[in-house]
1. Does the range 57-65 contain at least one residue that is touching a residue at least 12 places away in the same chain (Cβ under 8 Å) and over 19 Å from the mean Cα position of the chain (by Cα)?
2. I'd like the residue in the range 297-308 that is open to solvent by 10 Å² or more (accessible area, probe 1.4 Å) and more than 14 Å from the chain's Cα centre (by Cα) and, out of all such residues, is farthest from GLY332 (Cα to Cα).
3. Taking the conditions exactly as written (touching a Leu at 6+ places or on another chain (Cβ under 8 Å), closer than 21 Å to GLU273 by Cβ and either of a type in the set (S, T, N, Q) or surrounded by fewer than 16 Cβ atoms within 10 Å (Cβ to Cβ) (or both)), does SER120 satisfy them or not?
4. Kindly provide the set of residues from the range 15-58 that are within 15 Å of MET291 (Cβ to Cβ), of a type in the set (S, T, N, Q) and part of a loop (DSSP other than H, G, I, E, B), ordered by number.
5. Taking the range 224-263 on its own, how many of its residues are small (Gly, Ala, Ser), part of a loop (DSSP other than H, G, I, E, B) and without any contact (Cβ under 8 Å) to a residue 60 or more places away in the chain?
6. Answer yes or no: is there a residue in the range 212-222 that is at pLDDT 90 or above, exposed (fewer than 15 other Cβ atoms within 10 Å of the Cβ) and assigned to a helix (DSSP H, G or I).
7. Which members of the range 167-211 meet the condition of being open to solvent by 20 Å² or more (accessible area, probe 1.4 Å) and either in a loop (DSSP other than H, G, I, E, B) or small (Gly, Ala, Ser) (or both)?
Amino acid sequence: MRVDLFDFDLPEEFIAKVPLAKRDEAKLLLVPQFENKQVKDLVDILPENTLMVFNNTKVIPARIFGVCGERHFEVTLHKNIALDTWLAFIKNSKKLHEGDEISFGEGLLVGRVKSKQGESGVELQFNKSGHEFFDVLSHIGTLPLPPYLKREATTEDFERYQTVYAKEEGAVAAPTAGLHFTDELLQKLHKKGIDTVELTLHVGAGTFQPVKVEDTKDHKMHSEYVVITKEVADKINQAKRDGKKIVAVGTTVLRSLESAVDSDGFIHPFAQETDIFITPPYVFKSVDYLMTNFHLPKSTLFMLVSAFAGMDEMKKAYEFAKENGYRFYSYGDSSLLKRKDN
C-alpha cells in the first residue's frame, strides 16, 4: 500500500511532552462508538468475561556516555543479542574501529567494538552481563526518551516512563498503552472478575524508526524478542474456549500474539524474534479489542491500528480526538478499539 495513505495532519501541540499527574485519568476514546471516557472507566466498560493481555517488559536506562582514548561517545543500547553483547546506536561511530574499547562510568563498564552492523548500529561486547550488567547500568545510564520529546530525561521520567507491572528488563522504549494503569485500577479490574495475563516483548528503538519508502512492501520492519510461555498461551486459549473477550493492552501485545497465533485463532508458546509488519487488509485472529495510544502519521503503528479497526474509521477517530483535546503518543491519551470484523 502507498505510505501516504496513512498520512494526516498532526500539529506538534497535540503531542504530549510530559505525563499527566494521574496515570488512569488519561482520556480513553471508544471506537467505533466515538465516546469520551477515562482509562479508569475500564472497570465499568469491560464485561466480567474479559481477559486482558499485558506486556511486562521493563525499560532500561540504555543511554550511556563513554570514552575511547580522548574521544567521547553517546551510546544508546537497543537490542540484546547475547548475554554480554548488545547492538547500539553510537553518535560519531565512524571514529570507532573493531577492537576499540569504550569505558563507561569511569571504568565501571567497558564495551569492546566487535563489529559494525550498518543501520543496526555497532555490536558491543561488555565486560559484565546479566544482573551485574543491569546493576551497573542503573547507576550510570539514563532513559532513552522518544526522540520527538526533544528533552533530557528527568527524575519523574524514571518512574512514569515505566509500567507499574514491569518485570523483565530489556526494553529501550515503554509499551505505552500500559503506562495508564495503576495498582489500584488493576485491583479494581481483578475484583470485578476481569482476568489478566502477561507476555514479554522487549521494545526496541526501531519502534521510532520512520517509514522512508513510498510503498509499505518496501519497508523493512525491525525485529524484537518475544516470550509467550505455555502457561500464558494455555490461559489465553482457555479464555477463548470459554467465550471471553480478549483485550490486547498495546500494539506490542497484539504483534506478539499475531506472531504466535494459528489459523484457528489459538496461541502457541513463542520464544523468538518477530518482525511482523501489519498493514491493511490483514485479518486478525488473536484478540477482540486493542487498547492503544494515538500514533504518529505514516508510522507502522498507525498502519497497524488502521488494519485492526479500519483506515477510514481510524482517520475519523483521530480527527475526533484532535477536536476533543486528546494528547498523542507515548505520554498521551488512549483508545479502546473494537476489531472491525468482530
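The values are calculated or read from the model by the stated rules, or taken from the named source; none is laboratory data. All of these numbers come straight from a predicted model, not from anything done at the bench. Don't worry about glycine lacking a Cβ; one is built from the backbone with ideal geometry, like all the others, and counts go over all protein chains shown. What goes into the accessible areas is simple: the full protein's heavy atoms, side chains included, and nothing from ligands, DNA or RNA. Shrake-Rupley method; radii C 1.70, N 1.55, O 1.52, S 1.80 Å.
1. Step one: list which residues in the range 57-65 are touching a residue at least 12 places away in the same chain (Cβ under 8 Å), which gives 57-65.
Remaining after also requiring over 19 Å from the mean Cα position of the chain (by Cα): 64-65.
Within the range 57-65, one or more residues are touching a residue at least 12 places away in the same chain (Cβ under 8 Å) and over 19 Å from the mean Cα position of the chain (by Cα).
2. Taking the range 297-308 and keeping what is open to solvent by 10 Å² or more (accessible area, probe 1.4 Å), we get 297-301.
With more than 14 Å from the chain's Cα centre (by Cα) added as a condition, the list becomes 297-298.
Numbers: PRO297: 15, LYS298: 18 Å.
Looking at residues that are open to solvent by 10 Å² or more (accessible area, probe 1.4 Å) and more than 14 Å from the chain's Cα centre (by Cα), I get LYS298.
3. Values: touching a Leu at 6+ places or on another chain (Cβ under 8 Å): yes; closer than 21 Å to GLU273 by Cβ: yes; either of a type in the set (S, T, N, Q) or surrounded by fewer than 16 Cβ atoms within 10 Å (Cβ to Cβ) (or both): yes.
Yes; evaluated as a whole, the condition is true for this residue.
4. Once the filter is applied, which keeps residues that are within 15 Å of MET291 (Cβ to Cβ), of a type in the set (S, T, N, Q) and part of a loop (DSSP other than H, G, I, E, B), the range 15-58 yields only GLN33.
5. Just the residues of the range 224-263 that are small (Gly, Ala, Ser), to begin with: 233, 239, 243, 248, 250, 256, 259-260, 263.
If we keep only those that are part of a loop (DSSP other than H, G, I, E, B) too, we end up with 243, 250, 263.
Cutting the leftovers down to without any contact (Cβ under 8 Å) to a residue 60 or more places away in the chain gives us 263.
The number of residues fulfilling the criteria is 1.
6. Scanning the range 212-222 turns up no residue that is at pLDDT 90 or above, exposed (fewer than 15 other Cβ atoms within 10 Å of the Cβ) and assigned to a helix (DSSP H, G or I).
7. Step one: of the range 167-211, the residues open to solvent by 20 Å² or more (accessible area, probe 1.4 Å) are 167-169, 176, 182-184, 186-188, 190-193, 195-196, 198, 202, 205, 207-211.
Passing the criteria: LYS167, THR182, GLY193, HIS202, ALA205, GLN209, PRO210, VAL211.
To keep it simple, each residue is scored yes or no on (1) of a type outside the set (S, T, N, Q); (2) touching a helix residue (DSSP H, G or I) at 6+ places or on another chain (Cβ under 7 Å); (3) more than 30 Å from ASP234 (Cα to Cα); (4) part of a loop (DSSP other than H, G, I, E, B).
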position: ILE278; (1), (2), (3), (4): yes, yes, no, yes
position: VAL287; (1), (2), (3), (4): yes, yes, no, yes
position: SER306; (1), (2), (3), (4): no, yes, no, no
position: ALA317; (1), (2), (3), (4): yes, no, yes, no
position: SER330; (1), (2), (3), (4): no, yes, yes, yes
